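Report on the following structure.
The values are calculated or read from the model by the stated rules, or taken from the named source; none is laboratory data. Remember, it's a predicted structure, so these values are computed and weren't measured experimentally. Glycine gets a Cβ as well: all are built from the backbone with ideal geometry, and neighbour counts include every protein chain shown. What goes into the accessible areas is simple: the full protein's heavy atoms, side chains included, and nothing from ligands, DNA or RNA. Shrake-Rupley method; radii C 1.70, N 1.55, O 1.52, S 1.80 Å.
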Amino acid sequence: MIPAAFEYERAESVDQAVQLLGEHEDAKLLAGGHSLLPLMRLRLARPSLLVDIDRLSDLEYVREAGDTIEIGALARMSDLATDQTLWKHCPLLAHVCGEVGDPQVRHRATIGGSVAHGDPASDPPTALLTLDAVLVVRGPSGERTVPAKSFFTSVFETDLGPQDVLTAVRVPKLASGTGWSYQKFHRRAIDWAIVGVAAVVERDDGHLKRAAVGLTNMGSTPLRASGVESALAGAEAAPQALAAAAEHAPEGTAPVSDTNASAEYRTELSKILVRRALEEALAR
Amino acid sequence: MLRHISLTVNGTRHDADVEPRQLLVYFIRETLGLTGTNVGCDTSTCGACTVLIDGRSVKSCTMLAVQADGRDITTIEGMARNGDLHPIQRAFHENHGLQCGYCTPGMIMAAASLIEENPQLSEESVRMGLEGNLCRCTGYQNIVKAILAAAEEIRSSARVSSR
């Protein structure tokens, strides 16, 4: 399968990429290409121009900045999955990056590409939403930051404008002792999540001080399980309380039915995976 | 419009003008005539087209030839040296790590990257590391055995050469 013909430009800087994106109505950015090229081979995407930013190596980094970890948009999944700084301060994200695709895919796929693609079945966006990440975007009128909770707008739709380039992801460091889990349910190792659940919990004297729970593939965007989160506020860190809170998982979700599972199946699965995620997070 | 690229494949530099939409696997097979790299699923799933790019395993059906400009690529044809099979190739031969052989070049290239990243491979890490390579003959047992044997041989020869 060969993609439809397109023009190709390699950008030497983010500013040049922004400018090139403005020159064609349906130009697309190309980084690792592991979301875009499969769509182009199937001709579900037919951009007229690809602006290649794959080699902007100054966007390939992980660094500490006070209370946050900043990750360049071109950091590869394979590097993030083994990054010691990320494991120390944000193990949920490091773990999730290792759950994407397979080793060959992770060698190419970038965190920025995964986020900008806006696939509700993708794992890293859910992790970022759960972690209250902030996304850094450069466009024609300069740089802006967008909280993850307002970044994802619909299936493959994000807050990014046609000339915007996502340049970095900022994730708050987790306090030491914070529990975390990502439950990815799929049939084959390389598949997308049928449902995925991210959980981050902080304890205080046998009670939950803070709980953040995110859902993958339970709607048109990654979602926060706000019903679960409110049920957990101040709750006892005990199996019954966790199981009761997990029953709220489907609130506010709109899962689809597809070849992998029906909407009803996903609804039930979300409760079970939320319970497992909370149990694992508390055990850590 | 054609784009000029210059890249190294199995130690040999190649210059070519390519259409931007040409996928790397077709450049390797059709332009360079290196047909050891197979096209299997064409959907980034099966791993038959795996090659090494700057030492890391990549599915060459999911990369444009223009993106490989300036890179150092190794295909299955670049594994044997002076007529001697690479230790991974030898281990596949000795452990009967193939049935029909179609997935084998991709398996060997994926294994090369796995062993490079972690020579202390366990059976579980080999199986997890092969999640992106499908064997439709389901011959995984001997493939895993072969990769573990190759990792052991590469470890022990590294010990010898560091003495």
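Points to keep in mind about this one:
- For A:97, B:41, the ranking by accessible surface with the largest value first comes to B:41, A:97, using a 1.4 Å probe.
- Separation between Cα centres of region B:40-87 and region A:50-126, rounded to whole Å: 23
- Stretchable slack from residue A:283 to residue A:132, in nm (0.36 nm times residue separation minus alpha-carbon distance): 52.1 nm
- Modelled FRET efficiency - R0 30 Å, residue A:55 with residue A:262, Cβ distances, 0.05 increments: 0.10
- Solvent exposure of residue A:272, expressed as accessible area, is near 70 Å², computed with a probe of 1.4 Å over the protein chains only.
- Among the DSSP helices (H) of chain A, those spanning at least 27 angstrom by Cα along their long axis with an average Kyte-Doolittle hydropathy of -0.5 or more are A:263-283; this is a geometric and hydropathy rule only.
- Virtual paramagnetic centre 7 Å along Cα→Cβ of residue B:137, amide N under 16 Å, in region B:30-47: B:38
- Computed over region A:105-224, the ratio Rg/Rh where both radii use C-alpha atoms and Rh is Kirkwood: 1.00
- Base-10 log of normalised Debye intensity for chain B (one unit scatterer per alpha-carbon) at q = 0.09, 0.17 Å⁻¹: -0.29, -0.98
- Principal axis dimensions, region A:30-181 - Cα atoms, whole angstrom, descending: 49, 36, 29
- Net length available on complete extension from residue A:207 to residue A:44 is 53.8 nm, with 0.36 nm assigned per residue and the Cα-Cα distance removed.
- Building the convex hull from the alpha-carbon atoms of region A:179-283 and averaging its projection over directions returns 6.0 nm².
- Just so you know, the Cα atoms of the protein assembly as shown work out to an Rg and Dmax of 22.7, 69 Å.
- Along the axis of the charge dipole computed for region A:179-283 (Cβ charges of +1 for Lys and Arg, -1 for Asp and Glu, origin at the Cα centre), the listed residues A:263, A:243, A:194 are led at the positive end by A:194.
- The helix-based estimate of mean residue ellipticity at 222 nm for chain A, built from -39,500 (n - 2.57) per DSSP H run of four or more residues and divided by its residue count, is -8500 deg cm²/dmol to the nearest 500.
- Using the Cβ-Cβ distance between residue A:240 and residue B:77 with R0 = 60 Å, the FRET efficiency computed as 1/(1 + (r/R0)^6) comes to roughly 0.45.
- When shorter helices are ignored and each DSSP H run of at least 4 residues is given -39500 (n - 2.57), the per-residue value for chain B at 222 nm works out to -10000 deg cm²/dmol.
- Set of lysines near residue A:28 by C-alpha distance (under 23 Å), chain-local residues within fewer than 8 positions excluded: B:59
- Percent of C-alpha pairs per 10 Å bin in region B:87-161, short distances first: 22, 59, 17, 2.
- At 1.002 mPa s and 20 °C, Stokes diffusion of region A:44-120 via Kirkwood alpha-carbon radius, µm² per second: 161
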